[in-house]
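Asks: If you scroll down you'll find the structure; I have some questions about it.
Here, each number is a calculation from the coordinates, and none is a lab measurement. The model shown is predicted, which means the values in this text are computed figures rather than measured ones. Here Cβ is always computed from backbone atoms with ideal geometry, including for glycine, and neighbour counts include all displayed protein chains.
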Amino acid sequence: MRADAVRGHLDGLLLAVLEPGPLHGYAIIAAVQRRSGGTLELKTGTIYPALNRLERVGLLRSTWLAEGERRRRCYELTEDGRRALAGERDAWREFTSVIGAVLDPAPGHPA
């Protein structure tokens, strides 16, 4: 899948994989890849600026957790983040419905 296909949907993808609970950056990348059947491969240089921005605007919060001698920053949704995710899902459904109607019109609809 083209990298530019994710553009404009990154926030929704990140919020969605964080919905079940907190994850650190590499686990977020792995969750997106797993949910997409291996099709989407996000780079750290793509997600960390987005995670920082989402935290700055109050959709995520982060904490530092120690795993052995390694510290990892874990991100989780705030209530505002949950509301934003619901809005992202609604917008996605509308978008796919409209684009689908153009690309694959139902029989009997004007072309």
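Asks: Which distance in Å, rounded to a whole number, links the C-alpha centroids of segment 8-31 and segment 71-111?
Replies: Each part's Cα centre sits 15 Å from the other's.
Asks: What's the FRET efficiency of Trp92 with Arg53 using the Cβ-Cβ distance as r and R₀ = 30 Å, to the nearest 0.05? Let's see the in-between values first.
Replies: Values: r = 19 Å, r/R0 = 0.65.
Approximately 0.95, to the nearest 0.05.
Asks: Can you tell which of Ala66, His9, Gly87 lies farthest toward the positive end of the dipole of segment 3-103, using +1 and -1 charges on the Cβ of basic and acidic side chains (Lys, Arg; Asp, Glu)?
Replies: Looking along the dipole axis, the top candidate is Ala66.
Asks: Would you kindly state how much longer the chain becomes between Lys43 and Arg82 on full extension, computed as 0.36 nm times their sequence separation minus their alpha carbon distance, in nm to one decimal?
Replies: Residue separation times 0.36 nm, minus the Cα-Cα distance, leaves 11.7 nm.
Asks: Let me ask something additional. Which value in deg cm²/dmol, rounded to the nearest 500, describes the helix-derived mean residue ellipticity at 222 nm for the chain, given -39,500 (n - 2.57) per DSSP H run of n ≥ 4 and division by the residue count?
Replies: Details: 4 runs with 58 residues, N = 111.
When only DSSP H runs of four or more count, the value is -17000 deg cm²/dmol.
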